[in-house]
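**Q** Sharing a structure, written as structure tokens. Questions coming.
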Amino acid sequence: EKKNQPAADSNQGSNEKQVHVAMVLKTLSSQYWKLVAAGAQDAAKKYNVKLTLLGPNAESEVVQQVNMMEDALTQNPDVLAVAPSQPPTAIPVFQKAKQKNIPVILVDTDAPWDDKATYIGTANKDAGKQGGEYLASLLQKGDKVALLEGARGNTAMDDRIKGAEEALAAAGIQVVAKQPANSDRALGMNVMQNILQSHPDIKGVYSANDEMALGAIRALQQNKKNIPVVGTDAIPDAVKAIIDGSMAASVAQKPYDMGYLAVEAAVKLAKGETLPKYINSGTELITKENAQAKLDWLNKTLSR
Amino acid sequence: MNCATETVPAKNKSLFSKETLYNLGALLGLVLLCIVLSILSPKFLTLDNLMNIAGQASINAIIAVGMFLAILTAGIDLSVGSILALSTMVMGVLNVNLGLNPILSILACLTLGALLGLTNGILLTRLNLPHPFISTLGTMNMARGLALVITGAAPVSGFPESIQFLGAAFAGPIPVSFILVAVLYTGMYFFLNRTTIGRYIYAVGGNPEASRLSGIDVKKILNLVYTISGFTAALAGLVLVGRVNSAYPLAGLGYELDAIAAVIIGGASFFGGIGTIGGTLIGAILIAVLRNGLNLLNVSADWQTFVIGAVIIAAVYVDILRQRAAKKKALS
Amino acid sequence: MNCATETVPAKNKSLFSKETLYNLGALLGLVLLCIVLSILSPKFLTLDNLMNIAGQASINAIIAVGMFLAILTAGIDLSVGSILALSTMVMGVLNVNLGLNPILSILACLTLGALLGLTNGILLTRLNLPHPFISTLGTMNMARGLALVITGAAPVSGFPESIQFLGAAFAGPIPVSFILVAVLYTGMYFFLNRTTIGRYIYAVGGNPEASRLSGIDVKKILNLVYTISGFTAALAGLVLVGRVNSAYPLAGLGYELDAIAAVIIGGASFFGGIGTIGGTLIGAILIAVLRNGLNLLNVSADWQTFVIGAVIIAAVYVDILRQRAAKKKALS
Amino acid sequence: MSEKGPLLNPLLKLKGICKRFPGVQALDNVDLEVHTGEVHGLLGENGAGKSTLIKILTGAHPADEGEMYFLGQKVEHLTPKKARDMGIACIYQELNLVPHLSVAENIFLGREPCVNKKLGLIDRTYMHQRSRQLLQELGLDIDPGTKVGNLGIGKQQMVEIARALSVNAKLIIMDEPTSSLSEREVEELLNIVLQLKSRGVAVIYISHRLEEIKRICDRITVLRDGQKVATREAADVSIEEIIRLMVGRDLSEQFPKIQIARGKEALAVENLTRRGVLHNISFKAYQGEVLGIAGLVGSGRTELVRAIFGADPVDGGTIRVFGKPVTIRSPRDAINAGIALLTEDRKGQGLILIQDITFNTTLVSLGRFARGGILNVRAAREATGKLVRELKVRPPHINQVVGQLSGGNQQKVVIGKWLCSRARIFIFDEPTRGIDVGAKVEVYNLINQLVSSGAAVIMVSSELPEVLGMSDRILVMHEGRITAEFDRSEANQEKIMHAATGGC
Ligand SMILES: Nc1ncnc2c1ncn2[C@@H]1O[C@H](COP(=O)(O)OP(=O)(O)OP(=O)(O)O)[C@@H](O)[C@H]1O
Ligand SMILES: Nc1ncnc2c1ncn2[C@@H]1O[C@H](COP(=O)(O)OP(=O)(O)OP(=O)(O)O)[C@@H](O)[C@H]1O
Ligand SMILES: O[C@@H]1[C@H](O)[C@H](O)CO[C@H]1O
Ligand SMILES: [Mg+2]
Ligand SMILES: [Mg+2]
């Protein structure tokens, strides 16, 4: 997991003045974001960085997030790292940061701002492609599938859906239904139940995040339908589902690495180094083969 | 006098239609909606789909029972969604993580829900907070916070059959959750209309001061009302856990609005004392039917939001028109 | 008769402390909170941070003006968040996508907001929907749906200085948005206490029937109230757009709760007729201070949710205690 | 009066007015003529249609049929505003004030004086001056800034009156204005009515107090079951005749007092104290006795009975019921001790207006109609049916919504509620407020039944004739103290008034 840490820096960090990194995420109230936080905290320990972690209680709290960035800036950190819920809304604060000469790192979700120090995260469209391709590989040309979107305006998830659509189209697979389930399990189940009414003949499902995928799987099981469901994020419950065979696969992002790399990058910036505009934290397709290993690692990382 | 006596039967009727037949208005709206949908989508009237609706309506329907009581006493309970989340999360931790026996875990879940409800009641009756809106807004946040804290936002899953039963099992084609709804509402109907406590709840809603001066312990009644509301929220939580075989800390987010909508569409008044439990059930079903129908018609999510708003207003308006008509009839 | 006169002043006093000093209660809560925070965090009392709070409070404070009027007339407006979203999205499309002149775009935004508010009023006064809760719940969904539809959920950004002014500009250290708040509240205070229409709003809230019999056009007043509420929502939208230099369809989600909380913490009553605009402002500031403080203290998000709930209750409870004390004093 | 009255054409003319409410023909083809400078009495039993007629000619309710002429002009699509602008002012039967607004604001509600009409800037100083003036004309010294909600019901009524006077109206309607006033205030009001008359203002005066009617009215019109029975010159009709017209039959005597041997002590109050309101109040009430409590508005009578009943907290004092000391902290305690309180404000404190008669009559004693908390609805309905017949509630439907009953019938329902509970000590606060003569006698007979069945009755009343007519013993209160006690034989108006004013 952490193979891509440059060992060189590790011993130096300590003897300089402590670097202060303020990190504002979309929310801290979900496992995905706890993993980002965990990565950041580990890196902070390693490089003796003062880390301020903030995030509203839901990804929909856009202005709350903006307020948190402001509140973070009042503490004059050396670097600001942000995962913007609505990318454009963050830019005015980024400008403020720039005036204060505080470099800005984007995490998990990119924003249209040229002065960013770097964006560290998944190439969401590719992630969607990856999921779509795998789903296609399990189906025949002409089969019908359904897509589950995230909450409206969640650009990261929208990109994944786009990617998946392309991959599926390329494989000659038909998308007959596309509904958002707002990353909510219960809603995912309802939506899938209803989709099954109008399209009893679907052969597969791709979901932009695992919560919805797991809900969809309940609806399928209830209808005694055993068709492949591919999700995104590989959260523990999803990985368990992959192990017990009820879920086909999940495109894992690497939230832990995002957090870790972000702090690492912050330390470099503090030293005046410059960074590439985009650092791909990479993805990993989780299937039956590698699921157990992933689960063990997740449990280890999340259990503290 | 004779002009009065002649029309007496008419009066009783018009009177009833105002009081007990309130729900008929919502019913009318529901029927209209169903007709439209069954014309637009052949899938709508299939047994299979109707059972889906039954299942999907049940969670909101169960929460709406408590919400109805709160609104009947001129109050409100914003904390239902959070209570649902916290009590199911606790059950999850007890049962899945700590291996507590399922039945005990279920009891813990329901008891916790009731206690959280009682807390709302006490904040209202002992601290005399001005309106339950404020106290339940407070507990709404507190309970949500705790639900997130206890597992650090991690969902809990892998519940035994026994716990999933209410939400996942079927009796023939009928979801057990809907049978639960039927039982719950029948019981409530009886409780509200045939028991002293039920009457007292209506009385307190209609005029708290007069109730107090008639010897009713208003505070006790209000505590009871909010305790029930917390209990039904937890009960709905059990169903949700059964449906998705997991408890998660953000469960029930925003459910209060759906429940309130069900109660109001069902003809209850925010000023207390008026409304019927039957109307609330119809309101809950109407909302579920609407969501289901729009999905069947594959209406884009954005337009769905719009249509739901429009139908909520339409459904209530139909009721107004019906009442006007009833009045006219009573007069002529 | 002098027997009677003696009692009047005494009553009078206790009365004042009950009516106009209502907000003092919230004020007390606010002061306590500030003291605690400035002890816990050195950053809190810095000019820089106080100005942050001023900016962060402004959006909710502006929305709360309309919400206060709605609640003052024993109503509510759930649609403020959606109105904010729709009117700013329309402005965005007009200005950014279609290149309409900024001033006209702003006017369009505010007019649309007012019209949407008027719609709420008309639903209430002409269709006679039972309670604004239901009509505004409907428009809340309808407006949100439209806000999503017009750009297919895409946000709009890149507004000119002139449009960003209200939300982004500063007068010295003071955010323009807060100056706007100051002006708005002063104007409202004057309007509500010194003009006939203002008093009619209180009258309609206190006793609609008596108002009607006194020749007040109750429906006109209610239409006005909801129009203002729509207008202030759109105005808050302008500030939000300025703050984040973009309009997005999910903007304002759940803002109604914050606004209602501000109004109730400020001492208004859900049953209408009681409350002061000053109290509402204090309520809005209190909420902003709380959120800001918790961020400065780096409280974990999950616990923040919990604490916010607890403080909302505490703030109101402090007021209750103060009133009790005041009453005791008035009696002895 | 008689020579000018009918000759010149009337100020107000109603022709064939009909109004129907669901199930009730409230008004059935009613004609009415009122002349300038005339005080026109409008009488009728509870539910006869008086208030409905009033509401029609102030535009509060639309009429179903009929025509209205004012100053010879046909009036159509009348609204409250229009009526007021034409010069019609009204004091409605149920208070129509905004509790959270000040006295001055209530007096001028809807027609505030402005310093700047366009901006609608209120001229507060003028408003307060004028209000103080108006109130003083009524012999009241209330600060115009006081919130109306903090005034006792009596003072609120006076504010209503001040409001009606403040419009220089051609026609002033008073629907039972004196029902919640004390003797003194009634005097003030009657004088004012006569002043108005001399100024050529017409007054429609509704009251169930016939001696008032006889004193001030020039002509009277009597309604029965929504129909006009007669219009007469007041001078030409005796009270007995008026009663016959109203009730449709003869009424034996107004105060059918019966004498019963005083039984043993039922209620003993000692040193009851409530800071600022009640001071060391001590008295006893006995079985078979009617104990009257007289006093001016604000003298603390209501506060006293509320305190006894556990409705308000007390700061000291002890209470014995049938010799046993009891601690009463809540109305429930009082009810369990066998005490019943009929509050003076029946709408606000006595009834659940949106519920039906059965619901209200059985509320206190619901336990009696239930086994293990489960209601026997049939039993409740039968008991209510019996009460409704005994009390002659009109219309006699046990599932009638109480809010739609006329004032008097509402009071009968409240009485029914307490008859249903098995109380032994009945405290009536203004028991006949707003009740017609016929019904009053019924209430008095009920009181007689109660005492002869061994119950004790305490009757707070602002109607001295009633107190004198029905009480065996009379307590007089002034500023929260009992200032005198009279036996039936020794009591009279003068003595009571003197004690009630505490000599001031
Ligand atoms: N809003 C209403 N809805 C239905 N019925 C009503 C309504 N208002 C009055 N009524 C009925 O109309 C009839 C006349 O009522 P009204 O109040 O005019 O009587 P009243 O003569 O004023 O009696 P009281 O002397 O008790 O005031 C009564 O039977 C009453 O029940
Ligand atoms: N709800 C209330 N709030 C404030 N003051 C009140 C209230 N009710 C009564 N008062 C005041 O308390 C004093 C005693 O009122 P109370 O009603 O006991 O007098 P009363 O002798 O019963 O006369 P009446 O009941 O006819 O007004 C009066 O000054 C009255 O104005
Ligand atoms: O962008 C984030 C993450 O990528 C993860 O999918 C959780 O939800 C989305 O909003
Ligand atoms: Mg009347
Ligand atoms: Mg009294």
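The values are calculated or read from the model by the stated rules, or taken from the named source; none is laboratory data. Given the structure is predicted, the values throughout are model-derived calculations rather than measurements. Cβ atoms come from the backbone with ideal geometry, glycine included; neighbour counts cover every protein chain shown.
**Q** Report yes if B:Gly205 is of a type in the set (Gly, Ala, Ser), within 14 Å of chain D (Cβ to nearest Cβ) and crowded, with 19+ Cβ neighbours inside 10 Å, otherwise no.
**A** For B:Gly205, the condition - of a type in the set (Gly, Ala, Ser), within 14 Å of chain D (Cβ to nearest Cβ) and crowded, with 19+ Cβ neighbours inside 10 Å - is met.
**Q** Listed residues D:Ile220, D:Ile239; which is touching a Lys or Arg at 6+ places or on another chain (Cβ under 7 Å) and without any contact (Cβ under 8 Å) to a residue 60 or more places away in the chain?
**A** The conditions single out D:Ile239.
**Q** Sort through D:Gly226, D:Gly200 and tell me the only one that's surrounded by fewer than 22 Cβ atoms within 10 Å (Cβ to Cβ) and either away from ligand 4 (no atom under 16 Å from the Cβ) or modelled with pLDDT of 90 or more (or both).
**A** Result of the check over D:Gly226, D:Gly200: D:Gly200.
**Q** Taking the residues in segment A:15-56 that are in contact with a Phe, Trp or Tyr (Cβ under 8 Å, 6 or more places away or on another chain) and more than 14 Å from chain C (Cβ to nearest Cβ) as candidates, determine which candidate is nearest to ligand 5 (Cβ to nearest atom).
**A** A:Leu35
**Q** All but one of (1) modelled with pLDDT of 85 or more; (2) within 23 Å of B:Leu50 (Cβ to Cβ); (3) not in a helix (DSSP H, G or I); (4) not basic (Lys, Arg) hold for B:Ile274; state the number of the condition that does not hold.
**A** Here B:Ile274 clears every test but (2).
**Q** A further question follows. If I filter segment B:152-164 for residues that are surrounded by fewer than 20 Cβ atoms within 10 Å (Cβ to Cβ), within 14 Å of chain C (Cβ to nearest Cβ) and either within 22 Å of the chain's Cα centre (by Cα) or within 30 Å of C:Phe306 (Cα to Cα) (or both), do I get at least one hit?
**A** yes
**Q** Can you tell me which residues in segment D:356-387 are among the aliphatic types (A, V, I, L, M), under 17 Å from D:Leu342 (Cβ atoms) and more than 9 Å from chain B (Cβ to nearest Cβ)?
**A** Result: D:Ile357, D:Leu387.
**Q** Report whether or not D:Leu464 is buried (at least 24 other Cβ atoms within 10 Å of the Cβ) and within 16 Å of ligand 2 (Cβ to nearest atom).
**A** So D:Leu464 fails the test.
**Q** With respect to C:Val307, determine if the residue is in contact with a Gly (Cβ under 6 Å, 6 or more places away or on another chain) and hydrophobic (A, V, I, L, M, F, W, C).
**A** Here the answer is no, as C:Val307 does not meet what is asked.
**Q** Please enumerate the residues belonging to segment D:18-54 that are of a type outside the set (Asp, Glu), in a strand (DSSP E or B) and within 14 Å of chain B (Cβ to nearest Cβ).
**A** Of everything in segment D:18-54, those that are of a type outside the set (Asp, Glu), in a strand (DSSP E or B) and within 14 Å of chain B (Cβ to nearest Cβ) turn out to be D:Cys18, D:Lys19, D:Arg20, D:Phe21, D:Val24, D:Gln25, D:Ala26, D:Leu27, D:Asn29, D:Val30, D:Gly44.
**Q** Tell me yes or no: at least one residue of segment A:115-123 is in contact (Cβ under 8 Å) with a residue 12 or more places away in the chain, farther than 28 Å from A:Val229 by Cβ and within 14 Å of chain C (Cβ to nearest Cβ).
**A** No, there is no match, as no residue in segment A:115-123 is in contact (Cβ under 8 Å) with a residue 12 or more places away in the chain, farther than 28 Å from A:Val229 by Cβ and within 14 Å of chain C (Cβ to nearest Cβ).
**Q** Oh, and also: Take segment D:155-178 and flag every residue that is near ligand 2 (Cβ under 10 Å from one of its atoms), buried (at least 22 other Cβ atoms within 10 Å of the Cβ) and not charged (D, E, K, R).
**A** D:Gln157
**Q** Here's something else I'd like to know. Please return the ranges of helices (runs of 4 or more DSSP H) entirely within segment C:42-140 where 1 or more residues are within 14 Å of chain B (Cβ to nearest Cβ), without any contact (Cβ under 8 Å) to a residue 40 or more places away in the chain and not hydroxyl-bearing (Ser, Thr, Tyr).
**A** C:102-125
**Q** Within segment A:139-213, which strands (runs of 3 or more DSSP E) (wholly inside it) include 2 or more residues that are more than 11 Å from every other protein chain (Cβ to nearest Cβ) and free of Cβ contacts under 8 Å to residues at least 40 places away in the same chain?
**A** In segment A:139-213, the matching strands (runs of 3 or more DSSP E) lie at A:174-180.
Matching residues to (1) surrounded by 24 or more Cβ atoms within 10 Å (Cβ to Cβ); (2) within 26 Å of B:Ala108 (Cβ to Cβ):
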{"site": "B:Val181", "(1), (2)": "yes, yes"}
{"site": "B:Asn193", "(1), (2)": "no, no"}
{"site": "B:Arg212", "(1), (2)": "no, no"}
{"site": "B:Ala234", "(1), (2)": "yes, yes"}
{"site": "B:Gly254", "(1), (2)": "no, yes"}
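**Q** Can you list the helices (runs of 4 or more DSSP H) found entirely within segment D:393-504 that contain at least 2 residues being more than 16 Å from ligand 4 (Cβ to nearest atom) and of a type in the set (Ser, Thr, Tyr)?
**A** Answer list for segment D:393-504: D:437-452.
**Q** Let me ask something additional. Run down B:Gly205, B:Gly242 and say which single residue is farther than 30 Å from C:Thr305 by Cβ, touching a helix residue (DSSP H, G or I) at 6+ places or on another chain (Cβ under 7 Å) and either outside any helix (DSSP H, G or I) or of a type in the set (Gly, Ala, Ser) (or both).
**A** Step by step, each of B:Gly205, B:Gly242 is checked, and only B:Gly205 is farther than 30 Å from C:Thr305 by Cβ, touching a helix residue (DSSP H, G or I) at 6+ places or on another chain (Cβ under 7 Å) and either outside any helix (DSSP H, G or I) or of a type in the set (Gly, Ala, Ser) (or both).
**Q** Across segment B:284-316, what is the number of residues that are over 17 Å from C:Pro132 (Cα atoms), in contact (Cβ under 8 Å) with a residue 40 or more places away in the chain and assigned to a helix (DSSP H, G or I)?
**A** 11
**Q** Does D:Arg306 fit the bill of being near ligand 2 (Cβ under 9 Å from one of its atoms) and in contact with a Gly (Cβ under 8 Å, 6 or more places away or on another chain)?
**A** Considered against the rule, which asks whether it is near ligand 2 (Cβ under 9 Å from one of its atoms) and in contact with a Gly (Cβ under 8 Å, 6 or more places away or on another chain), D:Arg306 comes out as no.
**Q** Which residues, taken from segment C:297-318, are buried (at least 22 other Cβ atoms within 10 Å of the Cβ) and either away from chain B (no Cβ under 13 Å) or polar (S, T, N, Q) (or both)?
**A** C:Gln304, C:Thr305
**Q** Assess whether A:Asn76 counts as being at pLDDT 95 or above and part of a loop (DSSP other than H, G, I, E, B).
**A** no
**Q** Then there's this: Hey, does segment C:256-270 have a residue that's within 14 Å of chain B (Cβ to nearest Cβ), touching a strand residue (DSSP E or B) at 6+ places or on another chain (Cβ under 9 Å), of a type in the set (S, T, N, Q) and on the phi < 0 side of the Ramachandran plot?
**A** Scanning segment C:256-270 turns up no residue that is within 14 Å of chain B (Cβ to nearest Cβ), touching a strand residue (DSSP E or B) at 6+ places or on another chain (Cβ under 9 Å), of a type in the set (S, T, N, Q) and on the phi < 0 side of the Ramachandran plot.
**Q** Would you check which residues across segment B:90-121 are aliphatic (A, V, I, L, M), under 26 Å from C:Ile312 (Cβ atoms) and in contact with a Leu (Cβ under 8 Å, 6 or more places away or on another chain) and list them?
**A** Of everything in segment B:90-121, those that are aliphatic (A, V, I, L, M), under 26 Å from C:Ile312 (Cβ atoms) and in contact with a Leu (Cβ under 8 Å, 6 or more places away or on another chain) turn out to be B:Val90, B:Leu112, B:Leu116.
**Q** Pick from segment D:384-427 the residues that are hydroxyl-bearing (Ser, Thr, Tyr) and more than 10 Å from ligand 1 (Cβ to nearest atom): which of them is farthest from D:Asn448 (Cα to Cα)?
**A** Of everything passing the filter in segment D:384-427, D:Thr384 is farthest from D:Asn448 (Cα to Cα).
**Q** Here's something else I'd like to know. Given the condition touching a Pro at 6+ places or on another chain (Cβ under 7 Å) and modelled with pLDDT under 80, answer yes or no: does some residue in segment C:298-321 qualify?
**A** The answer is yes, given that some residue of segment C:298-321 is touching a Pro at 6+ places or on another chain (Cβ under 7 Å) and modelled with pLDDT under 80.
**Q** Of the residues B:Arg199, B:Arg194, which is touching a strand residue (DSSP E or B) at 6+ places or on another chain (Cβ under 6 Å) and under 18 Å from B:Leu69 (Cβ atoms)?
**A** Of the residues listed, the single one that is touching a strand residue (DSSP E or B) at 6+ places or on another chain (Cβ under 6 Å) and under 18 Å from B:Leu69 (Cβ atoms) is B:Arg194.
**Q** Being within 16 Å of ligand 5 (Cβ to nearest atom) and either within 14 Å of another protein chain (Cβ to nearest Cβ) or within 26 Å of D:Leu43 (Cα to Cα) (or both) is the filter here; which residues of segment D:241-298 pass it?
**A** D:Arg274, D:Val277, D:Leu278, D:Gly295, D:Leu296, D:Val297, D:Gly298
**Q** Can you tell me which residue within segment D:93-107, out of those that are farther than 22 Å from D:Lys55 by Cβ and within 9 Å of another protein chain (Cβ to nearest Cβ), is farthest from ligand 2 (Cβ to nearest atom)?
**A** Filtering first and then ranking leaves D:Glu105.
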